[in-house]
Amino acid sequence: MTATESAHLLAGKTALVSGVANRWSIATAIARAYRAHGASLVLTYEGERTKPEVDKLAQELGQSVVAQCDVSADQSIADLHGLLSESGMRLNALVHSIAFARKEELSGKYLATSRAGFALALDVSAYSLVALCRELAPLFSDAASVVALTYLGSVRAVPNYNIMGVAKAALESSVRYLAADLGQMGGVRVNAISAGPIKTASARAVGGFTSILSDVAAKSPLRRNAVADDVANAAVFLASDLSCAITGHVLYVDAGYNIMGIT
């Protein structure tokens, strides 16, 4: 192996990256980093609204397959499995970068969360990881890596994050249970990255997001906010063989903000 090849931590691997919505999304940064480290990609999109952006990224990166997948529909996930299976594809990595809650429930009091809004947020943001892993597990290679994206609002009450914090808590718990299940299936690993607040379209839906950004930058040990490329670098590590004994873990990539007490 040459020095250049050794720098490509994901050479010869195939990664499915979900949640690529636009060029600012964390999933897009991860897809770029995976490709830079030699991985072939499968990029999924939910519906026709996001398909042009995903197609554009796939063309730019090369060696990328684009497939539709609505994670709220079991048949859509099954169709994705069928498409990949027919091509004989094996997955070395799966990135879950999917979350949704109604905008009106991302401001004000958590107490006001509706029953329907609660069910929707938990289904799309947390259960979808379970559904994807169950359906795609037969396609996982030995020692495959699953990476989910979460946020500090899962363990702390962050103003306006509300139902999304509860959904992320469920997601992190699912990571641990899935790690226990999938570890017995060829050593598949399941981890999460808790990213600091990052300027994405979905993050801006949270009320007071700008003040959260400034607060983290002022109080984190590194005196800055994490950016999407920081998260992408961590995702490369978790998908690579360098993290072969790490599973069921939540890795914080937030400039150290999570360690701080009263400031």
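Taken together, the values in this text are just the output of simple stated rules run on the coordinates, not laboratory data. It should be emphasised that the depicted structure is a prediction, and the values quoted were computed from it without experimental measurement. Using ideal geometry, Cβ is built from the backbone for each residue, glycine included, and neighbour counts are taken over all protein chains shown.
Figures for the structure shown
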read-out: Cα-projected label distance for residue 229 with residue 68, points at 7 Å along beta-carbon direction, nm; value: 3.5
read-out: Sequence of 110, 252, 34 once ranked by neighbouring C-beta atoms within 10 Å, starting from the fewest; value: 110, 252, 34
read-out: Other-chain or far-sequence residues with amide H under 5 Å of residue 66's (modelled H); value: 43
read-out: Over the range 9-150: Rg over Rh, Cα atoms, Kirkwood Rh; value: 0.99
read-out: Within straight-line cross-link reach of residue 13, aspartates and glutamates at Cα separation under 12 Å, skipping those fewer than 8 residues along the same chain; value: 142, 241
read-out: Shape metrics for the range 3-254, restricted to C-alpha atoms - Rg then Dmax, Å; value: 17.3, 56
read-out: Relative exposure of 109, 168, judged by other C-beta atoms within 10 Å (fewest first); value: 109, 168
read-out: Mean Cα-pair separation over length for the range 3-254, i.e. relative contact order, pairs under 8 Å, 6 or more apart, %; value: 20
read-out: Segment residue 115-residue 173, length gained on full extension (0.36 nm per residue, minus Cα span); value: 18.8 nm
read-out: Simple label model, 7 Å out from Cα along Cβ direction - residue 211 to residue 142, nm; value: 5.4
read-out: Efficiency of FRET between residue 107 and residue 7 - r from beta-carbon atoms, R0 35 angstrom, step 0.05; value: 0.20
read-out: Fewest-first sequence of 61, 111 by Cβ atoms within 10 Å of each Cβ; value: 111, 61
read-out: Segments 118-130, 214-226 sorted - mean Cβ within 10 Å per residue, highest first; value: 118-130, 214-226
